[in-house]
Structures are given as structure tokens and as C-alpha cells.
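Chemist: Before I ask anything, here is the structure I am working with.
The values are calculated or read from the model by the stated rules, or taken from the named source; none is laboratory data. Computed from a prediction, not measured in an experiment: that's the story for all the values here. Reconstructed Cβ throughout: ideal geometry from the backbone, glycine too, with neighbour counts over all protein chains shown.
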Amino acid sequence: MPERRQSPRMTYTTAVRLEDANGAWDGQVRDISAEGMFIEPTRTLPRGERLKVAFQLRHSRRAFDMAGEIKRVTPEGVGIRIIW
């Protein structure tokens with residue numbers, strides 16, 4: 001299957017806070033790119049759901065708060081496309 005990503009992924013582990021209309025919960029980022037990230041959430045998320053994504057890079061003082069959309073769901077986690 002051909003690679004569809006436009007940006008290279010980097011393995012990167014950090015905590016993430018996710019929020020939708022039903023509340024907020026934590027997860028773990030497994031990899032990240034300029035277009036999105038793969039997250040291991042602590043609850044099941046449906047494909048197509050839009051949510052708020054908040055995380056901080058380990059060596060940065062700046063927190064990132066952005067919108068995301070669930071584009072891929074697997075037993076291991078979810079792929080989120082960042083909405084810039």
C-alpha cells in the first residue's frame with residue numbers, strides 16, 4: 001500500500017489532553033508529524049470526531065492547543081489530523 005502522508009512521522013512520546021463536548025481525558029502520543037499524531041487514548045473515540053488536543057513538547061515551555069479530527073481508528077489507538 002502506498003504511503004499517503006505528506007509529512008514524515010517521528011516517534012515521539014508525550015502526554016496529551018483531549019477534549020470534546022462530553023468532557024476531557026488523557027492519552028499518550030506515540031508519533032507526531034506536521035499533519036497529525038497517533039495517540040493511545042484512555043477511551044474509545046469514533047472516526048470523524050473533532051476534538052481539542054493539548055500537549056507540550058518535552059523541552060518546550062510553550063503548550064500547544066489545537067483542533068483535531070479522528071481520521072483513523074485501530075485497536076492500538078487513533079490517528080488525528082491537526083486542523084491548522
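Chemist: Considering only residues of the stretch 64-79 that are over 19 Å from ALA54 (Cα atoms) and not charged (D, E, K, R), which is nearest to the chain's Cα centre (by Cα)?
Modeler: It comes out as VAL73.
Chemist: Among the residues of the stretch 20-42, is there at least one that is in contact with a Phe, Trp or Tyr (Cβ under 7 Å, 6 or more places away or on another chain) and small (Gly, Ala, Ser)?
Modeler: Within the stretch 20-42 (the criterion being in contact with a Phe, Trp or Tyr (Cβ under 7 Å, 6 or more places away or on another chain) and small (Gly, Ala, Ser)), the answer is no, since none of the residues qualifies.
Yes or no, residue by residue, for (1) among the hydrophobic types (A, V, I, L, M, F, W, C); (2) in a strand (DSSP E or B); (3) surrounded by fewer than 16 Cβ atoms within 10 Å (Cβ to Cβ):
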site	(1), (2), (3)
GLN6	no, no, yes
ALA24	yes, yes, yes
ALA34	yes, no, yes
PHE38	yes, yes, no
PRO46	no, no, yes
LEU51	yes, yes, no
HIS59	no, no, yes
PHE64	yes, yes, yes
ALA67	yes, yes, yes
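Chemist: Could you check how many residues of the stretch 43-81 are in contact with a Phe, Trp or Tyr (Cβ under 9 Å, 6 or more places away or on another chain) and within 14 Å of VAL29 (Cβ to Cβ)?
Modeler: 14
Chemist: Tell me which of these ARG43 doesn't satisfy, since it passes every other one: (1) at pLDDT 90 or above; (2) in contact with a Leu (Cβ under 9 Å, 6 or more places away or on another chain).
Modeler: (1)
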